1. Dividing the alpha-carbon radius of gyration of the chain by 2.2 N^0.38 Å (N being the number of residues), what value is obtained?
2. Just to be sure I understand: with springs between alpha-carbon atoms less than 10 Å apart, which residue in Asp213, Asp42, Asp223 has the highest mean-square fluctuation in the Gaussian network model of the chain?
3. Would you mind calculating the gained length between Ala277 and Ser359 on full extension (0.36 nm times residue separation, minus the Cα-Cα distance), in nm to one decimal?
4. Report the relative contact order of region 180-274, percent, no decimals, based on alpha-carbon pairs under 8 angstrom and at least 6 residues apart.
5. Springs between alpha-carbon atoms under 10 Å, Gaussian network over the chain: tell me which of Ala207, Ala104, Ala385 tops the mean-square fluctuations.
6. Taking the C-alpha atoms of region 266-418, how large are the radius of gyration and the largest Cα-Cα span, Dmax, in Å?
7. Which one, Ala103, Ser162, Leu152, projects farthest toward the positive side of the charge dipole computed for the chain from Cβ point charges (K/R +1, D/E -1)?
8. Quick check for me: using +1 on Lys/Arg Cβ and -1 on Asp/Glu Cβ, what's the dipole size of region 152-416 about its Cα centre, in debye to the nearest 20?
Amino acid sequence: MHNAVYNSRIPNMSKPPRLSRAACLLVVTLSLFSQRMARADDWSTGQQQLAAKIVAVTGPGAVAIDIENRSSLSKNDVDAIRRGLLADLSFSGVRLVAAEQAAATVKVFLSDDLRSYVWIAEIHQGEGQSSVVLVTVNRPEVPAAPREAPALAIRKTLLWQSADRILDVAIMSGSSHMVVLYPHQVILYKMQDGRWQAEQSMTINHARPWPRDLRGRLVVRKDHLFDAYLPGVFCQSTAAVPLGLSCRESDDPWPIGTEQFPMGAFYAPSRNFFTGALSPGIGTQRTAPAFYSAAALPRQNYTLWLLASADGSIHLLDGMTDQTAPKLGWGSDIAAVHSGCGAGWQILATSNVNDSGDSVRAFELADREPLAVGQPVEFTGGVIALWAAFDGNTVVAVTHNVETDRYETFQLNISCSQ
């Protein structure tokens, strides 16, 4: 194959005529106008299809409609879609009225995935009658602007290590106390002379044997010190030291979110994952595929939830749609952290490697496509748990050090590199 070369400039070749400033402005204006017209054409097909599907359910008559944007569309695009959809509905015989005057109410959600936009209409007629229709609209072929990853750094701070298996760790407000959850006990530690010293041990009573791959979750509370969640068991502490701990059999959902984004999920007591049943749910979504861990990212009009599912894929739920991200090379543990750097929120994800060595890396999701930000932080051994603190500002990583056969816990947070 011949190597490609650039031709030398031809001597004495006449220069192209220079355009006047007015001509340049005219060219730019016409270009922008043609782009807007092309974008309007892109929306018109989807608007007509969705309007036709709505009218097929409601028929002509009095209808109230509300449109909510849960996609990456700009405000100008959403306004254009709203105008076009309302015009197509009116042309089809729909009379747009307030909700109290309507024979049917329609809630339209504008969602998207990596390949297309997904527009969903939830239609309610009478009592208990509801229907859902949707259309997909191809994304316009517009070259994506290059996005530079912000320079962020993950800081890891060793909290505690033990020969016994550690399930979770929680730092109390003020950092003077730390609670460590073990399979058969909870130990309260106090910072003294620059070291954590055991202050009190509390036994976890449980009637059934633990599953082989045991997991547990600690949540700091305001009216008492903490709650502990284990497979089929719930434990609650008292408020003051010395603490009391009461445990009972329970199938209540575990908290998988944070204080800002509360969410519960039901845990399979004989396995090591969540069943997919959510409480109270994400928008209209009450169930999801079985998953190991979850993370919530705030958006302008909604909250996007990421689930690391049991089949190795990553699911993105926005309250209406469940989309599967392509192969990302993430492990089973993910958590969201509020850093204030870059986009403000990042996803921390483990790598998909064996137990000889693991890492955690930060990602941002612009338009639902993950972008790695900064370098990964390395661990000696595998990460067996990754839990976001209840305030959402830090993450606890529990690892099994294969060299020392000890369990180590680290606090992870993100700093904005200069």
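All of the numbers you see were taken from the coordinates with simple rules; none came from a lab. Just so we're clear, the structure is a prediction, and the values are computed from it rather than from any experiment. Cβ coordinates were reconstructed from backbone atoms using ideal geometry, including for glycine residues, and neighbour counts include every protein chain displayed.
1. This ratio for the chain stands at 1.25.
2. Residue with maximal mean-square fluctuation among Asp213, Asp42, Asp223: Asp223.
3. Additional length available on full extension: 26.6 nm.
4. In percent, rounded to a whole number, it is 19.
5. Ala207
6. Both quantities, over Cα of region 266-418: 15.2, 47 Å.
7. Farthest towards the positive pole: Leu152.
8. Here the size comes out at about 200 debye.
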